[in-house]
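Contents: one structure, followed by commentary.
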Amino acid sequence: MIPTQKKFNAGIFFPALLCTLLWGSAFPCVKVGYQLFQISSDATFQKLVFAGWRFSLAGLLVLIIARVIGRQNIIPRRGQWGGVIVMALLQTGVQYALFYIAMSHTTGTRGSVITGSAVFFSVIGAHYLFKNDKLTRLKGIGCFIGFAGVILINLNGSGTAESGVHFMGEGLMLLSAICTGLAAPVCKRLTDNGLAPMMITGWQMLLGGFMLLAMGYSGGGSLTTVTPQGIGLLAYMILLSAVAFSVWSILLKKYSTSSVAIYNFLVPVFGTLLSGIILGEKIVSLRNFASLVLVCAGIYFVNRGPKTAAVK
């Protein structure tokens, strides 16, 4: 018999806490990176080069970890490459091209909360791809509450769109979240077909990173201003991606998806808090607090359900 999970499981809680903290720190780190590498808001191709180096090297690290520590086969079979390439496009190449451009036109606080909406697109995508993961009333309520939080953070006190909100910022960030959300059920389908989660993650970041580099350099982008501080920040971002995705993949392999996914609500929380601490953004406001509460409540309702069992 498969044992029922306890209400509190330190084996999930602390690793998931680490992952979401790392992912949350990426929002202010991207904006700091633009300053250190002197990338202006309209330097689109420089941003793509910056993102490309981060993810191509992070993907390489994940594959090395999978091969050396996990002793996994890291080369997909011939018939599996199509799905891996789709993931590289959806999860890294397209998604982070949108993300890095958007971060020049929005705050770290808004970016982190809007990105939190990705889980709702995952729920909708899973509804159409998997017979056993349909959109229930409780999930629908969660989606509604979560989107209310996304809308709230982009409104001013009079209930209208806040000044400075436009397509290149919040609009592209929402499209990035859609890519992330739709990639989740695609990844689930690939793992059901026998691909190891870390193999998918490694190749998706490596190939997606190459795509970003190709787009950036073909458009004339480059990192012209390189300092020790900039290299240190880039190294941290490479490590955070490699470590967070690797640990998350191990959690998903060991435990049920719902018991791990519920911790995603911490990403916008950490993103907002760290943006305030690192970037000096104003985060102490009733509107920001209410928005975060709504997003977190929405994600909780989406993931709420009967107790799950550990996967042996």
Using the Karplus equation 6.51 cos²θ - 1.76 cosθ + 1.60 (θ = phi - 60°), what ³J(HN,Hα) coupling, rounded to whole Hz, does each residue of region 48-63 give in order, writing x for Gly and Pro? 5, 5, 4, 5, x, 5, 4, 7, 5, 6, 5, x, 4, 4, 4, 5
Hey, what do the phi angles of region 218-224 turn into as Karplus ³J(HN,Hα) couplings, whole Hz, using 6.51/-1.76/1.60 and θ = phi - 60°, x for Gly and Pro? 5, x, x, x, 6, 9, 7
CYS187: accessible area at probe 1.4 Å, nearest 10 Å²? 40 Å²
Once you've got the Cα coordinates, tell me which of LYS31/LYS282; LYS139/LYS188; LYS139/LYS282; LYS31/LYS188 are over 23 Å apart. LYS139/LYS282; LYS31/LYS188
Determine the sum of side-chain charges near GLN38: Lys and Arg each +1, Asp and Glu each -1, restricted to other residues whose C-beta is under 15 angstrom from that of GLN38. +1
Roughly what would the spin-label model give for PHE147 and VAL247, points 7 Å off Cα along C-beta, in nm? 3.3 nm
Reported to the nearest 10 Å², LEU294 has, with a 1.4 Å probe, an accessible area equal to 50 Å²
Quotient of Cα Rg and 2.2 N^0.38 Å for region 11-83, N being how many residues it contains: 1.47
Note down the net charge around MET103, summing +1 for each Lys or Arg and -1 for each Asp or Glu among other residues with Cβ under 12 Å from its Cβ. +2
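The values are calculated or read from the model by the stated rules, or taken from the named source; none is laboratory data. Just so it is clear, the structure is predicted and the values come from calculations on it, not from any experiment. FYI the Cβ positions are ideal-geometry reconstructions off the backbone, even for glycines, and counts take in every protein chain you see. Note: accessible area is taken over every heavy atom of the protein model, side chains too, but ligands, DNA and RNA are not part of it. Shrake-Rupley method; radii C 1.70, N 1.55, O 1.52, S 1.80 Å.
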